[in-house]
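Only one structure is covered here, and it is reproduced in the block below.
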Amino acid sequence: MDSRSTVADGNHLVSLPEDDSGYAPPPEFQAQVAAAPPPRAPVATDANAVIPRAAWTSAKPVKRCLPLGGVALITFHHDGDPGGFAETGYSETARYLERIRAYHAKSGFQDIGYHYAIDRAGRIWELRSVAYRGEHVREGYDQEHVLRKWNDHNVGVVVLGNFDLQVPTEAQKARIRAWGAQLRSEYRLTIAQVKVHQELVATKCPGKNLRPYMDSIRQQGLI
C-alpha cells in the first residue's frame, strides 16, 4: 500500500502518493474528454510558439487556483506514463493532455498540475495558466518539521514521455534548451534556479534518460 502525503491546496486537502506515481494516469483510467481538439495544428515556426490551452480543452479549473505570485524556480518533469507516450501527432497529443487533466482533476488537483508541456514533436503547450500556482511537486515536512511548499513561485514544465523507458526526441531536447532559456531570461533566473523534479523531492522523475541531459545543458550554460 502506498504511503501518502496530505497537503493543503488553499481550501482543500490533496493526497499525493509518496512515489509521485499519481502524476500520470494509470492504464485503466478512462477520461471523459472535455472538448475535441481542433482539426489542424497551428503552423509550426522556429520560434517558441505556445499552443494555447483552448486548443486542447474547454475545461475550467475544478477548484480555485492560488496565484503564482512571481517566479523563483523552473522545474522540469516527465509525465511518467507507465507505458510511455510516443505519439507525435497534434490530435493525439491534445487528447493525451486532456486525459492527464481529467486524471488530475479526479485525483483532487485544482486543475492540470503543470504549466507547460513539451511534446514528442517539440511543440510547447500551455496547460495551467502561469498566473496560477501549479501542483507538480509533492509538498511535505522535512526532517526539521518545516513544510516545504515547492509549488510556490515554481513554473512546472512536463516533457511528454516516460524517460525511464524512453529517450527524449531530438526535437524535445532542442525545445528544452530554447524554451528553458527563454523562461529563465523572462523571469531573470540563474541556471541554479532551473531544477528537475528529483532535485526537490524523492522521485524517479524526470527519469534516468532525461536527467543526464538536463545536467549536461545546465553545466554547459545551454539553458
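The values are calculated or read from the model by the stated rules, or taken from the named source; none is laboratory data. Just so you know, these numbers come straight off a predicted model, no measurement behind them. Ideal geometry is used to build each Cβ from the backbone, glycine not excepted, and the neighbour counts take in all protein chains shown. Ligands, DNA and RNA are excluded from the accessible area calculation, which covers all protein heavy atoms including side chains. Shrake-Rupley method; radii C 1.70, N 1.55, O 1.52, S 1.80 Å.
Would the range 190-197 turn up any residue that is assigned to a loop (DSSP other than H, G, I, E, B) and at pLDDT 95 or above? For the range 190-197, residues assigned to a loop (DSSP other than H, G, I, E, B) and at pLDDT 95 or above: present.
Considering the range 69-188, the qualifying strands (runs of 3 or more DSSP E), each wholly inside and each with 2 or more residues that are farther than 26 Å from Gln30 by Cα and touching a Phe, Trp or Tyr at 6+ places or on another chain (Cβ under 8 Å), run over 73-78. When the range 183-208 is examined, which residues are found to be within 17 Å of the chain's Cα centre (by Cα) and closer than 20 Å to Ala49 by Cα? Listed by number, the residues that qualify are Leu183, Arg184. Listed by first and then second residue, the pairs linking a residue in the range 100-119 that is on the phi < 0 side of the Ramachandran plot to a residue that is open to solvent by 10 Å² or more (accessible area, probe 1.4 Å) and aliphatic (A, V, I, L, M), with Cβ atoms under 6 Å apart and 6 or more places separating them unless they lie on different chains, are Ala102/Ala31; Ala105/Val62; His115/Val130. Of all the listed residues (Ala86, Ala35, Ala55), the sole one being open to solvent by less than 20 Å² (accessible area, probe 1.4 Å) and either out of contact with any helix residue (DSSP H, G or I) (no Cβ under 6 Å at 6 or more places or on another chain) or at pLDDT below 90 (or both) is Ala55. The set of residues in the range 169-187 being open to solvent by 10 Å² or more (accessible area, probe 1.4 Å) and within 11 Å of Arg120 (Cβ to Cβ) consists of Thr169, Glu170, Ala171, Arg175.
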